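Below: one structure, written as structure tokens.
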Amino acid sequence: MTDDALLGPAQIRDLAGRLGVRPTKARGQNFVVDAGTIRRIVRAAGVQAGEHVVEVGPGLGSLTLGLLEAGAHVTAVEIDPVLARALPGTVADVAPGWQDRLQVITADALEVTELPGPPVALVANLPYNVAVPVLLTFLARFPSLDRLLVMVQAEVADRLAAAPGSRTYGIPSAKAAWYADVRRAGSIGRAVFWPVPRVDSALVSFRRHEPPATTATREQVFAVVDAAFAQRRKTLRAALSGLAGSAPAAEQALVAAGVDPGARGERLAIADFARIAEQLGAPPRAQLDPAPGVPA
């Protein structure tokens, strides 16, 4: 493959200029300008010809073209109406034979509830400020997603892939583990972006698995996760007292679940949270939802 089918630095800047697009921090717009990085992402995602892949935040189309080059059918979800309108034309100009495999949805990804057919993969360069809500939302809403490969801020990647007991383990780590095996899939240098970001980036891979076997609902389990991490220094006995109704009730549920009441949330795996939720048997409290649009 030659790089002619993908966008380079000069093409990206020219396209942005013609569209009157100025990358904004508010939408986390840092466009990838290196064809080698795009193909690396597509390879890491394991994209196969004929697969339905959803991309969130396609921007000017760098990754979109890489996914189409691999033979995927791409549904691109773009919140910026200017970028959304321009994307089909960009694909038609750069690779005229590929535009029939592209569909663009102009919408906030957190509000998308339907796609044209079940996607098997999500591949995206996600805006740093909405990465975790987008990932959890799509995992909850689209059970056909078997795998995800996303580029995010390195710090976010570390939190998503963290194991229990590590310094970065928290709400994103635990909730992601409900849905998938999560691992860091490599680092990305700053120089491949325009404009150059002030933070490092990394790839994160998700492989969906069955959630823990439990009689508790996902909402109940996630409510326990939220409460456990609301104040990290608190023991679970104290942290879960509000959810349980009292500290003694929380301790009783923890002991029944086989969890030390004096432990803290960062020591627990998602299966532990599920056992606690079973013992509590209470509906989740809405105020513990960590972010608007994220399924509890």
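Read-outs throughout are calculated quantities, based only on the coordinates presented, and are distinct from any laboratory measurement. Source: prediction; values computed, not measured. Cβ placement follows ideal geometry from the backbone for every residue including glycine, while neighbour counts extend to all protein chains displayed.
Computed values, structure above
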{"quantity": "Local net charge near G170, Cβ-Cβ under 10 Å (Lys/Arg +1, Asp/Glu -1)", "calculated": "+3"}
{"quantity": "Estimated dipole of the stretch 218-288 in Debye, rounded to 20 [Cβ of Lys and Arg +1, of Asp and Glu -1, Cα centre]", "calculated": "220"}
{"quantity": "Helix 81-94 axis, angle to the chain major axis (alpha carbon atoms, nearest 10°)", "calculated": "50"}
{"quantity": "Per-selection Kirkwood Rh - the chain (Cα, Å, 1 d.p.)", "calculated": "20.1"}
{"quantity": "Per-residue Cβ neighbour rank within 10 angstrom, fewest leading, T90, T106", "calculated": "T106, T90"}
{"quantity": "Cβ-based exposure ranking for V134, V196, V21, V221, in which fewest neighbours within 10 Å come first", "calculated": "V196, V21, V134, V221"}
{"quantity": "Value of relative contact order over the stretch 3-208, rounded to a whole percent, pairs C-alpha under 8 Å and six or more apart", "calculated": "20"}
{"quantity": "Net charge, F206 excluded, C-beta distance under 10 Å - Lys, Arg +1, Asp, Glu -1", "calculated": "+2"}
{"quantity": "Counting DSSP beta bridges with both ends in the chain, the antiparallel % (nearest 5)", "calculated": "50"}
{"quantity": "Angle in degrees between helix 247-256 and the longest Cα principal axis of the chain, rounded to the nearest 10", "calculated": "80"}
{"quantity": "Order of E266, E111 - criterion: other Cβ atoms within 10 Å of each residue's Cβ, fewest first", "calculated": "E111, E266"}
